[in-house]
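To start, the structure itself, in structure tokens.
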Amino acid sequence: MNVGTYERVNVGGELMEPTLLSIVIPAYNEEDSIAEIIERVLAVGPALEQRGVALELLVVDDGSKDRTAEIVRRYPTVRLLQHNPNRGYGAALKTGFCAATGDLLGFLDADGTYPPESFPAFCEAIFAGADVVVGSRRSGAESEMPLVRKVGNFIWATLVTALSGRPVVDPASGMRVFRREALTRLYPLPDGLNFTPVMSTRAVHEGLNLVELPMPYEERRGRSKLSVVRDGMRFLQTIIWTALTYNPARPLGGVGFGLFCLGAVIALVFVGLRLSGVTTLGPWGVAGIFAAMLLGLMGFDLFALGATFNYLVALFNKDVVQKGLFGRPIFDPPLDRHFGWMGLAAIGGGLVLGIVGLILGLSGWHIERLWLYLTAGAMLVVMGVQLDIFWVIMRVLEELSRREQLIQSDMEREYIC
């Protein structure tokens with residue numbers, strides 16, 4: 001089946017070949033709602049035709065134990081695909097996409113919570129230039145989303161926005177329309193309920209034009225298959241892991257920079273105490289010094305690790321580099337460019353403090369007066385060595401990531417003999 005098998009539609013008084021929209025409904029034990037949602041989707045057909053869109057509807061029965069498949073068979077224009085056993089929400093959608101024949105792909109849940117009446121507006125957004133259109137339950141339209149899900153969705157949206165540098169309002173929405181050619185950039189996607197947040201995360205990191213349109217949302221009748229705690233944690237985990245494959249410096253660098261700043265603040269408190277004449281540390285003072293050193297080193301290592309991973313992504317995912325899809329760096333220009341001289345300066349400063357401490361100790365100063373110099377000197381030397389090691393690693397990875405580009409440049413160079 002293809003677009004050519006459909007009759008031409010009248011759009012603005014002109015007959016034209018329709019664009020085929022394939023809508024996939026994943027269903028698992030939805031005998032109470034599947035008939036209603038099928039009829040609502042089919043009823044949208046005339047509104048779609050007015051916009052030059054033909055409709056193909058597929059239902060993927062994901063190993064249901066009830067009468068879901070039997071009910072779907074009552075509709076001769078609906079294609080039924082079946083899993084046995086249950087494979088998961090995302091797996092059902094991917095099966096539907098594989099069997100669909102439309103240039104546009106869409107999906108919504110079988111429980112009646114999402115309004116299929118919004119599909120015509122979604123298609124208009126696609127024709128206007130969007131690659132992926134998401135029905136947003138948090139953009140002003142009437143929503144019956146429970147409070148706990150609103151909080152969770154706010155957390156996921158904030159996380160995706162922070163990791164990608166692009167605003168996302170409802171990354172877990174289960175109603176969407178997108179261009180078929182976008183699949184090659186959205187895949188791979190998981191088989192579970194975390195399919196949608198990973199899809200949104202990949203879409204914004206791939207530079208696809210993701211548009212979110214407000215839509216009403218009704219709470220489902222009966223028990224939800226979503227576990228707030230288990231699936232919520234899975235959503236968070238997969239969002240972070242997906243972002244790490246595109247721009248590791250943002251999540252790792254952000255956390256690392258925060259830890260380093262916290263350690264620096266604690267260290268400055270002790271510097272102030274020492275300058276005010278405090279020379280003896282109690283149990284809390286020792287714990288504070290330990291915390292400052294630990295947070296400083298952990299923060300720096302995470303920051304440097306994120307920057308290093310970015311070069312690995314550049315090495316293995318050249319398409320992302322060519323499209324400029326790393327997202328906004330924490331520092332612009334990247335701070336790792338200065339790691340070399342910063343490391344040498346830190347080593348030099350640490351050695352100076354160590355030598356000063358040694359001279360003062362030989363002059364009769366007790367350890368109560370020397371601990372700050374020795375601790376700061378040791379920290380600076382350790383961090384300086386790490387800075388220079390990471391700088392070397394990053395420069396090598398950068399050279400490797402640019403190797404093909406440099407080879408091509410040399411091959412095309414015009415030599416004057």
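The values are calculated or read from the model by the stated rules, or taken from the named source; none is laboratory data. Just so it is clear, the structure is predicted and the values come from calculations on it, not from any experiment. Note that each Cβ is placed from the backbone with ideal geometry, even for glycine, and that neighbours are counted across all protein chains shown. For accessibility, only protein heavy atoms count, side chains too; no ligands or nucleic acids. Shrake-Rupley method; radii C 1.70, N 1.55, O 1.52, S 1.80 Å.
Heavy-atom accessible area, probed at 1.4 angstrom with all protein chains present, ranks Arg395, Arg402, Arg337 as Arg337, Arg402, Arg395, highest first. Accessible surface ranking for His366, His338, 1.4 angstrom probe, highest first: His366, His338. Computed with every protein chain present, the accessible area of Ser33 is close to 10 Å² [probe 1.4 Å].
How large a share of the accessible area of the chain, in percent, is made up of carbon and sulfur atoms when the probe is 1.4 Å and the other protein chains stay in place? Show your work: numbers first, answer last.
Numbers: 13300 of 21080 Å².
Within the chain, the accessible surface is 63 percent carbon and sulfur.
Calculated accessible area for the chain comes out at 51 Å² per residue, all protein chains present (probe 1.4 Å; ligands, DNA, RNA ignored).
Accessible surface for Phe127 stands near 100 Å², nearest 10, in the context of the full protein assembly shown (1.4 Å probe). Charges were assigned to the Cβ only: +1 to each Lys and Arg, -1 to each Asp and Glu. The resulting dipole of region 71-204 about its Cα centre is roughly 320 debye.
Sites listed here are GluC sites (Glu not before Pro) in region 96-180 whose DSSP assignment is loop and whose Cβ has at most 16 other Cβ atoms within 10 Å: Glu142, Glu144. In region 28-109, taking the dipole from charged Cβ atoms about the Cα centre, the farthest positive-side position among Ala43, Thr95, Leu57 is held by Thr95. Accessible area of Trp391 (1.4 Å probe, protein heavy atoms only, ligands and nucleic acids ignored): about 90 Å². The amide H of Ala54, built 1.01 Å from its N in the peptide plane, has Thr19, Leu20, Leu21 as neighbours under 5 Å, considering only residues 5 or more places off or on other chains.
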